[in-house]
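**Student:** Below is the structure I would like to discuss, written out as structure tokens.
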Amino acid sequence: MPRSRSDNRPLAGQVALVTGASQGIGLAIAHALAGAGCNVAVGSRTLHRSEALAKELVKAHHVKALPIELDVTKPPSVQNMAEKLLKYFMRIDIIVNNAGVMHMDQLLGADVARFTETLGTNVGGPFLVTRALVEEMMRNRRGHIVNIAAMAGLGGAPFLSAYCASKAALVSLTQSWAAELADFGITVHALCPDIVDTAALRAMLDVDGTPMLAPRVVAERVLELLTGDAPESGTIIPLEVAAT
Ligand SMILES: NC(=O)c1ccc[n+]([C@@H]2O[C@H](COP(=O)([O-])OP(=O)(O)OC[C@H]3O[C@@H](n4cnc5c(N)ncnc54)[C@H](OP(=O)(O)O)[C@@H]3O)[C@@H](O)[C@H]2O)c1
């Protein structure tokens, strides 16, 4: 039986923000959403990379794409992003809180600035970004928020305590927001990937020979959440290497 246009482009006409889309998992998510017909705003601190990605998305997927310079730790930058996005697209349907940082550090002598940066980016970022856009979703009584947490946030790990704590906090935000936004038709999920083969990870750890997820696999799971039968809002979804 022939597939209808909506089967091929299930997110046609919708608008998503992907934070941290300049590389790695965020870049793969931006491509997956655009491939499903979604118009996408891509934000990160490195504007030239977001601009290049936006051009690629338009060319490859025939959607609208808006590059935005965004530092998720800075309230004025987040506010500016929300204003630009809503002025350009006039709507927001999906927020993917993906921007994040990872640092290894021992407890003894741990760097305070790195601790603060990790919590500020991985927890403060999703908080500021979601707060800036959720009112529009509430007005429309629909929306999806996907937080990219991590398996590391579901248990601790040595030398990664700030990172693990930040992702555990993101899991907790997910559960609280899901309950708070349920009456507005807004769903909130946290996806918790195991290790993913990105340049950021390879710069931090010697992972040669370690089984890893491809960024594309994480992106496909995000797309499934947005277009298929998603579990109940507030569900925390582990994504294990072995499961792929
Ligand atoms: N790789 C893994 O093994 C793994 C596993 C589980 C979960 N995750 C999570 O998945 C997400 C993406 O990870 P990744 O491996 O793809 O990392 P990555 O390659 O380092 O990408 C991180 C992205 O976040 C952006 N970013 C960082 N700080 C930002 C800020 N203050 N404001 C705006 N954007 C910012 C970066 O762009 P700019 O530098 O241009 O701002 C970049 O686009 C993170 O939340 C990470 O914790 C990763």
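The values are calculated or read from the model by the stated rules, or taken from the named source; none is laboratory data. Keep in mind the model is a prediction, meaning the values are calculated, not measured. Neighbour counts are summed over all protein chains in view; Cβ atoms, including those assigned to glycine, are modelled from backbone coordinates with ideal geometry.
**Student:** Of the residues L66, L86, only one is more than 21 Å from W177 (Cα to Cα) and within 18 Å of the chain's Cα centre (by Cα); which? Before you say what the answer is, go through the steps one by one.
**Tutor:** Details: L86 fails: within 18 Å of the chain's Cα centre (by Cα).
Just a single option satisfies the conditions, and that option is L66.
**Student:** Any chance segment 230-237 includes a residue that's charged (D, E, K, R) and closer than 18 Å to A99 by Cα?
**Tutor:** Narrowing segment 230-237 to residues charged (D, E, K, R): 232.
Filter again for closer than 18 Å to A99 by Cα, leaving none.
For segment 230-237, residues charged (D, E, K, R) and closer than 18 Å to A99 by Cα: absent.
**Student:** Do you know which residues across segment 146-159 are within 14 Å of the ligand (Cβ to nearest atom) and either at pLDDT 95 or above or touching a helix residue (DSSP H, G or I) at 6+ places or on another chain (Cβ under 6 Å) (or both)?
**Tutor:** We begin by selecting, within segment 146-159, every residue within 14 Å of the ligand (Cβ to nearest atom); these are 146-155, 157.
Hits for segment 146-159 are V146, N147, I148, A149, A150, M151, A152, G153, L154, A157.
**Student:** If you don't mind, another one. Restricting attention to segment 39-54, which residues are of a type outside the set (G, A, S) and closer than 12 Å to L66 by Cβ?
**Tutor:** Pass one, segment 39-54, residues of a type outside the set (G, A, S): 39-40, 42, 45-49, 51, 53.
Residues satisfying the conditions are N39, V40, V42, L47, E51, L53.
Yes or no, residue by residue, for (1) closer than 21 Å to G43 by Cβ; (2) free of Cβ contacts under 8 Å to residues at least 40 places away in the same chain; (3) among the aliphatic types (A, V, I, L, M); (4) crowded, with 22+ Cβ neighbours inside 10 Å:
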{"residue": "L86", "(1), (2), (3), (4)": "yes, no, yes, no"}
{"residue": "F89", "(1), (2), (3), (4)": "yes, no, no, no"}
{"residue": "G109", "(1), (2), (3), (4)": "no, yes, no, no"}
{"residue": "V112", "(1), (2), (3), (4)": "no, yes, yes, no"}
{"residue": "F115", "(1), (2), (3), (4)": "no, no, no, no"}
{"residue": "E136", "(1), (2), (3), (4)": "yes, no, no, no"}
{"residue": "I145", "(1), (2), (3), (4)": "yes, no, yes, yes"}
{"residue": "M151", "(1), (2), (3), (4)": "no, no, yes, no"}
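**Student:** If G153 passes every condition in (1) touching a Ser or Thr at 6+ places or on another chain (Cβ under 8 Å); (2) farther than 22 Å from A242 by Cβ but one, which one does it miss?
**Tutor:** (2)
**Student:** Could you pull out the residue among V72, V42 that is in contact (Cβ under 8 Å) with a residue 40 or more places away in the chain and either buried (at least 19 other Cβ atoms within 10 Å of the Cβ) or in contact with a helix residue (DSSP H, G or I) (Cβ under 6 Å, 6 or more places away or on another chain) (or both)? Outline the logic, then answer.
**Tutor:** Details: V42 fails: in contact (Cβ under 8 Å) with a residue 40 or more places away in the chain.
On inspection, the qualifying residue turns out to be V72.
**Student:** I'd like the residue in segment 172-206 that is part of a loop (DSSP other than H, G, I, E, B) and within 16 Å of the ligand (Cβ to nearest atom) and, out of all such residues, is surrounded by the most Cβ atoms within 10 Å (Cβ to Cβ). So that I can check it myself, show each step before the final result.
**Tutor:** Restricting attention to segment 172-206, the residues satisfying the condition of being part of a loop (DSSP other than H, G, I, E, B) are 185, 194-195, 197-198, 205-206.
From the residues that got through so far, the ones that are within 16 Å of the ligand (Cβ to nearest atom) too are 194-195, 197-198, 205-206.
On the way: D194: 18, I195: 16, D197: 18, T198: 21, L205: 14, D206: 7.
Filtering first and then ranking leaves T198.
A quick yes/no check of all residues on (1) closer than 20 Å to A30 by Cβ; (2) modelled with pLDDT under 95; (3) part of a loop (DSSP other than H, G, I, E, B); (4) within 15 Å of the ligand (Cβ to nearest atom):
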position	(1), (2), (3), (4)
D208	no, yes, yes, yes
A219	yes, no, no, yes
L223	yes, no, no, no
L226	yes, no, no, no
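**Student:** Do the conditions hold for V18, that is, is it closer than 21 Å to D93 by Cβ, touching a Cys at 6+ places or on another chain (Cβ under 7 Å) and crowded, with 22+ Cβ neighbours inside 10 Å? Full working, then the answer.
**Tutor:** On the way: closer than 21 Å to D93 by Cβ: yes; touching a Cys at 6+ places or on another chain (Cβ under 7 Å): no; crowded, with 22+ Cβ neighbours inside 10 Å: yes.
Against the criterion (closer than 21 Å to D93 by Cβ, touching a Cys at 6+ places or on another chain (Cβ under 7 Å) and crowded, with 22+ Cβ neighbours inside 10 Å), V18 does not qualify.
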